[in-house]
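Input: a single structure, listed below in C-alpha cells.
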Amino acid sequence: PTVTSPCKILKCNSEFWAATSGSHHVGAEEAPEFCTALRAYAHCTRRTARTCRGDLAYHSAVHGIDDLMVQHNCSKDGPTSQPRLRTLPPGDSQERSDSPEICHYEKSFHKHSAAPNYTHCGLFGDPHLRTFTDTFQTCKVQGAWPLIDNNYLNVQVTNTPVLPGSSATATSKLTIIFKSFQECVDQKVYQAEMDELPAAFVDGSKNGGDKHGANSLKITEKVSGQHIEIQAKYIGTTIVVRQVGRYLTFAVRMPEEVVNAVEDRDSQGLYLCLRGCPLNQQIDFQAVRSAQATEGRARRKGPSLAAPPEAFTYETATAKCREKLPVEDLYFQSCVFDLLTTGDVNFMLAAYYAFEDVKMLHSNKDKLHLYERTRVLAPGNTAPTGTHPTLWVALLCLCWLCLL
C-alpha cells in the first residue's frame, strides 16, 4: 500500500491559491472576496488540525492566515464560500524594477570579478543521486533525509517503499525552506508530496513576501500538477521539482559559493547533495543489472526456470529505456534498473526528465553524460573509483612475481 500523509494542508493551500490567483495586490473593492477566501482557508486548516500537529507547513499556514487577516482587516466571522477573485489586467505585473542590487546574486557578488561557478545536484527514480561533485549513486535512504543544508536554504526529502517488501524507494515528499535574507525575502516554505505539486509556497504566496526584493524569489508553474520551477535570484539558484507518475524528482543549479556557505562545515550533518549517501545506504545497481542480465540469459537456455515477477525482462527494459535515452550512460542504466525493480514505466520518464534537467541546469556541457558509477571512498582508501579490490590484489601479486 502506498504511504500517504493524513495531513491535508497542501490541499488547503492549493484551494486558497486557486481562489486568490492573480490578486496579490488586493484593492479595496476586492477585500471582501479576499477575506471570504481567507476564512475558507482558515476553516480548511481547522479541519485538518489534528492530523497536522507536527507539520511545519501547517503551522506556517496558520500563522500566515492570521497575518493576512490583520493586514486586510478581515473578520473571522462571515461567509466562507470560495469565489475566484478577479485576475490582474494584462500588463499589470508584480515585478519590481527597483529591487536592490544585493537581491541579484550575479550583480551584487560578482560585479567586478569572474562569473560564478555553478554546480548541479539531482535526485530521481529509485532514488538515484547526482551530487554537486558529479558523483552518481543509487541509494536506499528510506525515510527523511537532508539534500541541502546551508546558510540560505534547507531541502529535505522523504523516500517511501515503491512496493511492499521491496528495498526500492522513491521520493514521496519534498520540503524546501528558504531562509529570510536581508531586504530581499522573508522565510518561505515550499512543500510537495505525492499527487500534490503546488504552484505556491505553503502560505499561498508565489514570491518572497513583503520585503523590497521579494520578486528575487519566485515560483513558476510550467505544467500544472507536474512541473514547477523556483528562481531564487538573490542566491543565484534555480530549483526544478517534477511529479512523474506518483513520485517526485528534484534538480538544482547553485553557485559553489552558496553550496559551501555554512557556519561550521566540520560539525555540519549529513547533506546528500554535497557528501553523497552513506556507504551502508548505497546500492551497486550495475552489479545488480549484470546479475539480472545473466539470469535472463540463463532463463532463455533453461525453460524450467520460473518466469520473473517483474513486468520487464532485461531485454524489454533495455529496449524501453532506449526509446527516451539513446545514449547508454548512467541515466540509461538507472532507467533499466528501475524498470526491473519496480515494473513501473513512469520511472523511465523520471530518468528522461532528470537528464533533461541536467541539460538545462549543468554549467559544463561536457559533463552531461556520466558513464562510470562513482562512489565516495572511505578515508585513507586511495584506490581509483570503480576498481575492484581483488584486481588490486592480483596486480600486487604479479608485481611481486616479477621482482622475484
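The values are calculated or read from the model by the stated rules, or taken from the named source; none is laboratory data. Just so we're clear, the structure is a prediction, and the values are computed from it rather than from any experiment. Note that we place each Cβ from the backbone using ideal geometry, even for glycine, and neighbour counts take in every protein chain shown. Areas reflect the complete protein model, heavy atoms only, side chains present, ligands, DNA and RNA absent. Shrake-Rupley method; radii C 1.70, N 1.55, O 1.52, S 1.80 Å.
Just to be sure, is Lys324 of a type outside the set (Phe, Trp, Tyr), closer than 30 Å to Tyr118 by Cβ and at pLDDT 90 or above?
Answer is yes for this residue.
Only residues in the stretch 47-74 that are over 13 Å from Val189 (Cα atoms) and open to solvent by less than 40 Å² (accessible area, probe 1.4 Å) count as the first member; pair them with residues that are modelled with pLDDT of 85 or more and basic (Lys, Arg), Cβ under 8 angstrom, at least 6 apart or cross-chain, and list the lot.
Cys74/Arg39
For the stretch 186-232, enumerate the residues that are open to solvent by 30 Å² or more (accessible area, probe 1.4 Å) and aliphatic (A, V, I, L, M).
Matches in the stretch 186-232: Val223 only.
Working only within the stretch 19-39, note down all residues that are modelled with pLDDT of 70 or more and either in contact with a helix residue (DSSP H, G or I) (Cβ under 7 Å, 6 or more places away or on another chain) or closer than 20 Å to Val189 by Cβ (or both).
Ala19, Thr20, Phe34, Ala37, Leu38
Among the residues of the stretch 125-168, count how many are open to solvent by 40 Å² or more (accessible area, probe 1.4 Å), touching a Phe, Trp or Tyr at 6+ places or on another chain (Cβ under 8 Å) and free of Cβ contacts under 8 Å to residues at least 60 places away in the same chain.
Summing the residues that are open to solvent by 40 Å² or more (accessible area, probe 1.4 Å), touching a Phe, Trp or Tyr at 6+ places or on another chain (Cβ under 8 Å) and free of Cβ contacts under 8 Å to residues at least 60 places away in the same chain in the stretch 125-168 gives 1.
Do any strands (runs of 3 or more DSSP E) entirely within the stretch 171-241 hold 1 or more residues that are out of contact with any strand residue (DSSP E or B) (no Cβ under 6 Å at 6 or more places or on another chain), and if so, which?
Answer list for the stretch 171-241: 217-223.
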